[in-house]
Amino acid sequence: MGVLGPKMAFRVLVGCKRVIDYAVKVRVKPDKTGVVTDGVKHSLNPFDEIAIEEAVRLKEKKIATEIVAVSCGPPKCQEVLRTALAMGADRGIHIEVPDEEYASLQPIHVSKILAKLAAQEEASMIIVGKQAIDDDCNQTAQMTAAFLDWPQATFASKIEKTNGDLLVTREVDGGLETIKVKLPAVLSTDLRLNEPRYATLPNIMKAKKKKIDKKKPADLGVDITQHVEVLKVEEPPVRQAGVIIENAEQLVSKLREAGHIQ
Amino acid sequence: MSGNLSAIQHSQVTAEIVNQLAFILGSEHVSTSPSAREHHGHDESFHKCAPPAVVVWPTRVELVSEVIKVCNEHVIPVIPFGTGTGFEGGVTAVKGGVCMDLTKMDQILDVRAEDFTVTVQPGVQRSTLNNYLHDTGLWFPVDPGADASLCGMAATSASGTNAVRYGTMRENVANLQVVLADGRIIHTSGKGRSTKKTSAGYNLTNLFVGSEGTLGVITQATLRLYGRPETTASAVCSFPDVQSAVDTTVQTLQCGIPMARIEFLDEAMIDACNKYSHLSYTVTPTLFLEFQGGEKAVNENVQAVLEIAQMNGGSDFQWAKKLEERNHLWKARHDCWYASKSLIPGSSAYSTDACVPITSLPECIIAAKEDIETAGVKGPIVGHVGDGNFHIFLITDPDDPNSEKNIRWVAERVAKRALSVGGTCTGEHGVGLGKQKLLLEEIGEEGVRLQWQLKRMLDPNYIMNPGKVLPQLP
């Protein structure tokens, strides 16, 4: 653990997405083009919050030397950057994407942006949430690693540093898998990695003074032309009342009526 | 005087009344189904389920008022319901009537972060509010363990593990919107007001805090918020006996050390917690401690308490610093109720709630343990000893026909002993159904008579949660 010889920079880039707060009851817009976001509480994507927490813990262990929080979108994204800064990130980068283009911004665009930033900032590690709770894509970490040709360790539930490598325990369908990845690497966080600290009032005050740089995707040479068109957004069908059945014969006849059996 | 009110005959809820309620609220907000009524007829206490005749879910304060007016006109009981997590049978509909489930009114209104206040409706639970606030650096620290409705907590004057530092609901409710028995809607501190202090008129807010639904229905509460502490550290300290653990607490408080939490668990409770929450603490009287504040201050406080503990024969502190570890520790503490119940499968539990001056605490706990042994029942003890408040979770044994009798014997002795040293029979759970006689002894006849006068004035038809809190006068 730690580095030998003169202190080398270990910069961690953390992706922070502004999403509708998990506790909000989401409503579909009457025109079915999307969900209602006006006047609705938004916050930092919970998995990204876990990523920030992990980065801060790495800095407290003197493994990371600087934490840079990144968010792509309209001006309101700066709110989540301030949250990240209050938790312990050192500075922020806001990639400005206006509202109309933000509606069609996809992981493929974000991962190109993160890849370019990683090169510019000479990052040793990129860490993002495994997925955003609005689109549930679970693509950004993987695509970013591909663009950079870096190793990826996704669904991390434990991260340890051993010399030049990372030992990451991943949550997979069959249980837990531990892998060794060389740095620099891209990681995505799973729920059980840590419990993020609360931002305290003094830290929120200090965060107001930390720097947030603004850039545009074009400054990084990234094209954010729309790839995907949303045709329709609908609520799931309303749950129907159940029917109490008296006996097996009735069950069979109802199944037959509904065409589930012959 | 009380005789008049308790003798009031309430009317039945007829089909016509149900139709009237459905007309006011919409039929989807009214239910007479047996499962809805059963669910709304009991809380976490051992008091038998007494289902209401009908359950309603109003969505606005105006509708709450309309329903109450109908009930008042027909002399039908109204019982407010939040999360049903009370310990004293407060929601049991012992005289039937209408249970008013307020959880559909679930908005968090008017977060004034820089003024440290927030206004909530009854459907907002404690953890919902704290999650909502989590990126503001603020929190509402009254923590009774259950994820209760904040307005319900106001109604029972709830407290919890953080009271030693932050106080109880009494100190932290700045304003209430209440619907009275005649349907009038009032704001106890005036509409939209919430200052840190006021001398304006009678303290109506604290009249309703702790009134357990007997004076009006709370439909909105303005709460005081606090900044999250910069540093938090939790520790466990084991002691050779009860006296040394409680002495440590008393001496810590008398030194003026600002503790955030001091919780006592006796060896029976540690054993239950170890089993239920998969911990491995030494099975001996223990203190769970929490320190909050700036880093330097926390370190100083830790040193000071460590010295006191060691003087009393306490062990080294076992630390829980990371948020996950602290949450696990305090969850185990809050799961004490379930941990105790699982000592005997199929049991139900009764919690005592004696709260005494801290100088009397050691003798009260030690005497209580002797009573538990004499009665031959299981009664692990856990307590907010920083407030002089301790709970014995007395567990009934379904296989022992004498178990309930023995438990009542212990509970009564504990309560009376608390009263005899100048304490109260209920520090935080409320009077509800079971502690009415003790209230008479505690407050005295004249005090209780005054409470009946207030009750009669505010609720002349005795519809507001009848049968609760106030005892019959001799």
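Just so you know, all these numbers are worked out from the coordinates, no wet-lab data involved. Everything numeric in this text was worked out from a predicted model, so none of it was measured. Heads up, the Cβs are rebuilt from the backbone with ideal geometry, glycines too, and the neighbour counts pull from every protein chain shown.
How many Å³ per residue does the convex hull of the Cα positions in the protein assembly as shown occupy?
214
Starting with the fewest neighbours, write out A:M205, A:M143, B:M259 ranked by other beta-carbon atoms found within 10 Å of each beta-carbon.
A:M205, B:M259, A:M143
Count the DSSP beta bridges whose two residues both fall in chain B, then state the antiparallel fraction as a percent rounded to the nearest 5.
Here the antiparallel bridges make up roughly 85 percent for chain B.
Taking amide H positions as placed 1.01 Å from N in the peptide plane, with prolines and chain starts having none, which residues 5 or more places from B:A174, or on another chain, fall under 5 Å of its amide H?
B:T222, B:L223, B:R224
Across peptide A:201-207, what mean number of C-beta atoms from other chains lies inside 10 Å of a residue's C-beta?
Other-chain Cβ atoms within 10 Å of each residue's Cβ, averaged: 4.
Report ³J(HN,Hα) in whole Hz for each residue of region A:80-87, in order, from the Karplus equation J = 6.51 cos²θ - 1.76 cosθ + 1.60 where θ = phi - 60°; Gly and Pro get x.
Values per residue, Gly and Pro as x: 6, 5, 5, 4, 4, 5, 5, 7 Hz.
Would you kindly compute the Cα radius of gyration of chain B and its largest Cα-Cα separation (Dmax), both in Å?
Calculated on Cα positions, Rg and Dmax stand at 22.4, 70 Å.
Compute the Rg to Rh ratio over region B:12-102 from the alpha carbon atoms, using the Kirkwood formula for Rh, and round to two decimal places.
Rounded to two decimals, Rg/Rh equals 0.95.
Please order A:L81, B:L287, A:L255, A:L231 by the number of other Cβ within 10 Å, starting at the fewest.
A:L231, A:L255, A:L81, B:L287
Which residues' amide hydrogens lie under 5 Å from the amide hydrogen of A:V35, considering only partners 5 or more residues apart or on another chain, with H built in the peptide plane?
A:K29
Take the alpha-carbon centre of region A:167-182, take the same for region A:5-50, and report the distance between them in whole Å.
Going from one Cα centre to the other spans 25 Å.
What residue among A:Q106, A:Q78, A:Q226 shows peak mean-square fluctuation when chain A is described by a Gaussian network model with Cα springs under 10 Å?
Maximum among the listed residues: A:Q226.
Relative to the longest principal Cα axis of chain B, at what angle does helix B:361-375 sit, 0 to 90 degrees, rounded to 10?
Compared with the principal axis, the helix lies near 80 degrees.
With r as the distance between the Cβ atoms of A:Q262 and B:N131 and R0 = 60 Å, compute the FRET efficiency 1/(1 + (r/R0)^6) and round to 0.05.
0.75
Do any trypsin sites (Lys or Arg not before Pro) in region A:207-261 lie in a loop, going by DSSP, with at most 13 other beta-carbon atoms within 10 Å of their beta carbon, and if so which?
Taking region A:207-261 and a limit of 13 other Cβ atoms within 10 Å, the loop trypsin sites (Lys or Arg not before Pro) found are A:K208, A:K209, A:K211, A:K232, A:R239.
Using only Cα atoms, find the angle between the long axis of helix B:323-334 and the longest principal axis of chain B, and express it within 0 to 90 degrees, rounded to the nearest 10.
70
Suppose we flag GluC sites (Glu not before Pro) only when DSSP calls them loop and at most 11 other Cβ atoms lie within 10 Å. Which is the longest uninterrupted stretch of chain A?
It works out to A:1-121.
Starting from the Cα of B:E230, step 7 Å along the direction of its Cβ; do the same at B:V75; then give the gap between the two resulting points in nm.
6.3
How about region A:1-93: which trypsin sites (Lys or Arg not before Pro) there are in a DSSP loop, with at most 15 other Cβ atoms within 10 Å of their Cβ?
A:K7, A:K25, A:R27, A:K32, A:K41, A:K61, A:K62
Run the reach check for B:K296 against aspartates and glutamates, Cα to Cα strictly under 12 Å, same-chain hits fewer than 8 apart removed. What comes back?
Output for B:K296: B:E230.
Can you work out the Karplus-derived ³J(HN,Hα) for every residue in region B:17-33? Use 6.51 cos²θ - 1.76 cosθ + 1.60 with θ = phi - 60°, whole Hz, and x for glycine or proline.
5, 4, 4, 4, 5, 5, 5, 6, 9, x, 5, 6, 10, 9, 9, 10, 5
Mean separation of Cα pairs under 8 Å and 6+ residues apart, divided by the residue count of region B:40-155: what relative contact order is that in percent?
Rounded, it is 26 percent for region B:40-155.
What list do you get for B:D247, B:D143 if you sort them by fewest beta carbons within 10 Å?
B:D247, B:D143
What whole number of Å gives the distance from the Cα centroid of region A:216-249 to the Cα centroid of region B:105-147?
31
Can you give the Kirkwood hydrodynamic radius for region B:230-431, in Å, rounded to one decimal and based on Cα pairs?
Result for region B:230-431, one decimal place: 17.1 Å.
Quick one: Cα centre-to-centre distance for region B:58-95 and region A:82-98, in angstrom?
Centre-to-centre distance over Cα atoms comes out at 48 Å.
Hey, quick one: spin label on B:Q436, modelled 7 Å out along Cα-Cβ, who in region B:206-224 has an amide N within reach, i.e. under 19 Å?
Flagged as within label range: B:210-216.
Output ³J(HN,Hα) for region A:117-129: one whole-Hz value per residue in order, computed from phi by the Karplus curve 6.51 cos²θ - 1.76 cosθ + 1.60 with θ = phi - 60°, and x for Gly and Pro.
Going residue by residue, I get 5, 4, 5, 4, 8, 6, 6, 9, 7, 10, 10, 9, x Hz, with x marking Gly and Pro.
Can you tell me the relative contact order of chain B? Whole percent, Cα pairs under 8 Å, sequence separation 6 or more.
Dividing the mean separation by the residue count of chain B yields 16 percent.
Would you mind giving the three semi-axes, in whole Å and largest first, of the ellipsoid equivalent to region A:1-100 according to its Cα gyration tensor?
Those come to 33, 13, 9 Å.
Can you list the lysines whose alpha carbon sits under 29 Å from that of A:K182, skipping same-chain ones fewer than 8 residues off?
A:K7, A:K17, A:K59, A:K61, A:K62, A:K112, A:K116, A:K130, A:K158, A:K161, B:K322
Can you give me the angle between helix B:295-311 and the longest principal axis of chain B, using Cα atoms only, in degrees from 0 to 90, rounded to the nearest 10?
The helix B:295-311 is inclined about 70 degrees to chain B.
Let me spell out the model: positive unit charges on the Cβ of Lys and Arg, negative unit charges on the Cβ of Asp and Glu, origin at the Cα centre of region B:108-227. What dipole size does that give, in debye rounded to 20?
It comes to approximately 320 debye.
Find how much the distance from B:T282 to B:E114 grows on full extension, using 0.36 nm per residue of separation minus their present alpha carbon separation; answer in nm with one decimal.
56.0 nm
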